[in-house]
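Asks: Before I ask anything, here is the structure I am working with.
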Amino acid sequence: MILKRLSILNYKNLEEADLQLSPKLNCFFGQNGMGKTNLLDAIYFLSFCKSAGNPIDSQNIRHEADFFLIQGFYEAADGTPEEIYCGMKRRQKKQFKRNKKEYTRLSDHIGFLPLVMVSPADSDLIAGGSEGRRRFMDVVISQYDKTYLDALIRYNKALLQRNTLLKSETPIDEELFLIWEESMAQAGEVVYRKREAFIREFIPIFQSIYSAISQDCEQVNLSYESQLSESNLLEKMRANRFKEQIVGHSLYGVHKDDLNMQLGEYPIKREGSQGQNKTYLVALKLAQFHFLKRIANKVPLLLLDDIFDKLDANRVEQIIKLVASDNFGQIFITDTNREHLDRILRKVDSDYRIFEVEHGAVREMKEGECV
């Protein structure tokens, strides 16, 4: 799927933008805080029905405005046009439409426009808690497996209900616990099995890309950790319900899963330099792209937000070689360093467009124009 035109009104600091886009490479240049990341986030919104950075939809409306609107005009591989619309007014529910028909469930849209985004916020995958690493798995698997997404939604609903029961200060009927525990156990088993299968296939792709960027300077690994690998969730919940009522939440389940990220034999969180951490994250996301492309048989959009910071010249060069290859489809890149973009453009023997972003205003730069 190719995004041919992007129209934005009042999204974050972007008052108005209407961009005709290249089917291959689109570069956004400007200083920090000008709105480059917000442009990519608008594209992300059209794929995932939410912002990558702020899940509270109303807070993405520009401060002086009463609504935001994002429209994407796409073209499928067979030439079929697709229009995706998202609009929201303050104190109202957002609308999400495909070809002017509103979705009954937003989850039905997930996976229609596969997308991979690499951004500075990815540093939380290494430095942050396990929630971000679970979200990484969820974002990948949900884009090609509806069964997984449905199971994840059912699990989270059951988890919320069970936690409510655990917090209750009045006696709860045993049957109520059993209903939600059985739902958690059934959905959790699906989530666990599909996460396990994904990571097993994903690891060699990730390791290969890391080796290419680092030029075999280091070895990396990734492993999936889940309580369900060692015990039956339903039995665990029933055996520990009294203890969980004391703490007021569920201590066991796939909501406790994690990914162990290693540099050599040690946690990269403890051992990795800034450059190694950044290489790890970029490799993780480029591997996500290749995995989705292969298993979903669709070419995802690739969004690269300020990815060259903290990398030495050799690693920048290897990433540029990778993304400039024919393995990728439509790419969106932001950078404050025009030289990085120019080096990419020199290596790409295909169509491109470059835009300057300044104080929320976007203009296309003419060929050969200097800043």
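Asks: Being part of a strand (DSSP E or B), of a type outside the set (A, V, I, L, M) and closer than 27 Å to Arg154 by Cα is the filter here; which residues of the stretch 246-294 pass it?
Replies: Residues of the stretch 246-294 that are part of a strand (DSSP E or B), as a first pass: 258-263, 266-267.
Pick out the ones that are also of a type outside the set (A, V, I, L, M) and you get 258, 260, 262, 266-267.
If the condition is that a residue be part of a strand (DSSP E or B), of a type outside the set (A, V, I, L, M) and closer than 27 Å to Arg154 by Cα, then Asp258, Asn260 are the ones that fit.
Asks: Now, a different point. Kindly indicate the residue of the stretch 310-341 that is β-branched (Val, Ile, Thr) and in contact (Cβ under 8 Å) with a residue 60 or more places away in the chain and also surrounded by the fewest Cβ atoms within 10 Å (Cβ to Cβ) among those meeting that condition. Before you say what the answer is, go through the steps one by one.
Replies: The first filter runs over the stretch 310-341 and keeps only residues β-branched (Val, Ile, Thr), leaving 316, 319-320, 323, 331, 333-334, 336.
Next, from what is left, pick out any that are in contact (Cβ under 8 Å) with a residue 60 or more places away in the chain: 319, 331, 333-334, 336.
Details: Ile319: 25, Ile331: 20, Ile333: 26, Thr334: 25, Thr336: 15.
Looking at residues that are β-branched (Val, Ile, Thr) and in contact (Cβ under 8 Å) with a residue 60 or more places away in the chain, I get Thr336.
Asks: Any residue at all in the stretch 97-108 that's touching a helix residue (DSSP H, G or I) at 6+ places or on another chain (Cβ under 7 Å) and touching a residue at least 24 places away in the same chain (Cβ under 8 Å)?
Replies: From the stretch 97-108, those touching a helix residue (DSSP H, G or I) at 6+ places or on another chain (Cβ under 7 Å) are 107; that's our starting set.
So of that shortlist, the ones also touching a residue at least 24 places away in the same chain (Cβ under 8 Å) come out as 107.
Checking the stretch 97-108: at least one residue is touching a helix residue (DSSP H, G or I) at 6+ places or on another chain (Cβ under 7 Å) and touching a residue at least 24 places away in the same chain (Cβ under 8 Å).
Asks: So which residues in the stretch 295-320 are within 20 Å of Asp216 (Cβ to Cβ), out of contact with any Lys or Arg (no Cβ under 7 Å at 6 or more places or on another chain) and assigned to a helix (DSSP H, G or I)? Spell out the reasoning first.
Replies: So in the stretch 295-320, the residues within 20 Å of Asp216 (Cβ to Cβ) come out as 311-320.
From what's left, out of contact with any Lys or Arg (no Cβ under 7 Å at 6 or more places or on another chain): 312-319.
Selection gives Ala313, Asn314, Arg315, Val316, Glu317, Gln318, Ile319.
Asks: Then there's this: Pick from Phe112, Phe136: which is among the hydrophobic types (A, V, I, L, M, F, W, C), over 27 Å from Met261 (Cα atoms) and in contact (Cβ under 8 Å) with a residue 12 or more places away in the chain? Let's see the steps before the verdict.
Replies: On the way: Phe136 fails: over 27 Å from Met261 (Cα atoms).
Criteria check complete, one pass: Phe112.
Asks: Right, next: Within the stretch 171-217, which residues are under 28 Å from Ile295 (Cα atoms) and outside any helix (DSSP H, G or I)? Talk me through it step by step, then tell me what you get.
Replies: Looking only at the stretch 171-217, we keep the residues that are under 28 Å from Ile295 (Cα atoms), and these are 184-216.
Once the filter is applied, which keeps residues that are under 28 Å from Ile295 (Cα atoms) and outside any helix (DSSP H, G or I), the stretch 171-217 yields Gln215, Asp216.
Asks: Return the only residue of Tyr144, Tyr74 being assigned by TED's automatic domain parsing to the domain that holds Gln330, aromatic (Phe, Trp, Tyr) and more than 24 Å from Gly33 (Cβ to Cβ).
Replies: Numbers: Tyr144 fails: assigned by TED's automatic domain parsing to the domain that holds Gln330.
Sole residue among the options that is assigned by TED's automatic domain parsing to the domain that holds Gln330, aromatic (Phe, Trp, Tyr) and more than 24 Å from Gly33 (Cβ to Cβ): Tyr74.
Asks: For the stretch 40-59, give me each residue that is among the aliphatic types (A, V, I, L, M) and modelled with pLDDT under 95. Give the derivation first.
Replies: Step one: list which residues in the stretch 40-59 are among the aliphatic types (A, V, I, L, M), which gives 40, 42-43, 46, 52, 56.
Hits for the stretch 40-59 are Ala52, Ile56.
Asks: Any idea which residue in the stretch 163-193 is nearest to Gln318 (Cα to Cα), counting only those that are surrounded by fewer than 18 Cβ atoms within 10 Å (Cβ to Cβ) and under 25 Å from the mean Cα position of the chain (by Cα)?
Replies: Only one residue fits best here, namely Arg193.
Asks: Please count how many residues of the stretch 180-203 are of a type in the set (A, V, I, L, M) and either touching a residue at least 60 places away in the same chain (Cβ under 8 Å) or under 21 Å from Val247 (Cβ atoms) (or both).
Replies: The first filter runs over the stretch 180-203 and keeps only residues of a type in the set (A, V, I, L, M), leaving 184-185, 187, 190-191, 197, 199, 203.
If we keep only those that are either touching a residue at least 60 places away in the same chain (Cβ under 8 Å) or under 21 Å from Val247 (Cβ atoms) (or both) too, we end up with 184-185, 191, 199.
Of the residues in that region, 4 qualify.
Asks: Here's a follow-up. Report, by residue number, each residue of the stretch 342-363 that is under 28 Å from Arg294 (Cα atoms) and in contact (Cβ under 8 Å) with a residue 40 or more places away in the chain.
Replies: Those that are under 28 Å from Arg294 (Cα atoms) and in contact (Cβ under 8 Å) with a residue 40 or more places away in the chain: Ile344, Leu345, Val348, Ser350, Asp351, Tyr352, Arg353.
Asks: Which one of the conditions (1) crowded, with 22+ Cβ neighbours inside 10 Å; (2) in a loop (DSSP other than H, G, I, E, B) does Asn32 fail to meet, given that it meets all the rest?
Replies: Only one criterion in (1) crowded, with 22+ Cβ neighbours inside 10 Å; (2) in a loop (DSSP other than H, G, I, E, B) is unmet by Asn32, namely (1).
The values are calculated or read from the model by the stated rules, or taken from the named source; none is laboratory data. Just so it is clear, the structure is predicted and the values come from calculations on it, not from any experiment. Note: ideal-geometry Cβ built from the backbone for every residue, glycine included; neighbour counts use all protein chains shown.
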